[in-house]
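All remarks here apply to the structure that follows.
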Amino acid sequence: MTSPFWFRVVAVLLLLWGVAGCVSLWSHVVYGAEAMGAATDYDRAFHRALPTWFAFVYAAAVGAGLLGAIALLARSRLAVPLSVVSLVAVVVQFGYALGLTDLVAVKGAAATVPFPLLILAVASFQLWLARRAAARRWIA
């Protein structure tokens, strides 16, 4: 069955979101705390204290999200498991950063929570869309 035009438009937007996530990961790895602009001493210390596995989880989140968007455009059912991996990695990544560090206490919830919630919402939406597309046979 042919997918509707809006589905392809949304899949392209998810692809662009995934590319932006990969650029953000690259900045995180290459520039560290300075990636978001002028970093404070706390930002630098926070970044240095991140466990090694954090970058791998970050890479899984953005890589699987990007590949999931590509799978949507390619009409592949792989979009569903890739979107699951991305969502789980997002939860682990921000669960650690927001729940198991002092980031929220130091910077405040208003400064630290909204963007991760947006990222979680987009990852959840991508999974919902992939499942809907599979159920409607827009992807096979």
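Suppose all protein chains stay in the model; what accessible area per residue would a 1.4 Å probe give for the chain, in Å²?
56 Å²
Pull up all non-local amide H partners of Ser76: gap of 5 or more, or a different chain, and H-to-H distance under 5 Å with H placed in the peptide plane.
Correct list: Ala140.
Using θ = phi - 60° and the Karplus curve 6.51 cos²θ - 1.76 cosθ + 1.60, what whole-Hz ³J(HN,Hα) does each residue of the range 30-36 get, with Gly and Pro shown as x?
Residue by residue, the range 30-36 yields 7, 9, x, 4, 6, 4, 9 Hz.
I'd like the Karplus ³J(HN,Hα) series for the range 96-103: coefficients 6.51, -1.76, 1.60, θ = phi - 60°, whole numbers in Hz, and an x wherever there's a Gly or Pro.
Taking θ as phi minus 60°, the curve returns 5, 4, 8, x, 10, 10, 8, 4 Hz for the range 96-103.
For the range 75-82, just list the computed ³J(HN,Hα) in residue order, Karplus coefficients 6.51, -1.76 and 1.60, θ = phi - 60°, integers in Hz, with x standing in for Gly and Pro.
With coefficients 6.51, -1.76 and 1.60, one gets 6, 9, 5, 4, 4, 5, x, 5 Hz.
Using a 7 Å offset from the Cα along the Cα-to-Cβ direction at both Arg132 and Leu118, what is the distance between the two label points in nm, to one decimal?
Distance between the two pseudo-spin positions: 2.1 nm.
Keeping the other protein chains in place, figure out the carbon and sulfur percent of the accessible area of the range 1-67, with a 1.4 Å probe.
Numbers: 3000 of 4050 Å².
Answer for the range 1-67: carbon and sulfur cover 74 percent of the accessible area.
Quick one: length gained pulling Phe5 to Phe54 fully straight, 0.36 nm per residue minus the C-alpha distance? Mind dumping the intermediate values first?
Details: separation 49, 0.36 × 49 = 17.64 nm, distance 3.70 nm.
Length gained between Phe5 and Phe54: 13.9 nm.
The values are calculated or read from the model by the stated rules, or taken from the named source; none is laboratory data. As the structure is a computational prediction, the values presented were derived from the model and not from experiment. Neighbour counts run over all protein chains shown; Cβ positions are idealised from the backbone, glycine included. Calculation scope for accessible area: heavy atoms of the full protein, side chains included, ligands and nucleic acids excluded. Shrake-Rupley method; radii C 1.70, N 1.55, O 1.52, S 1.80 Å.
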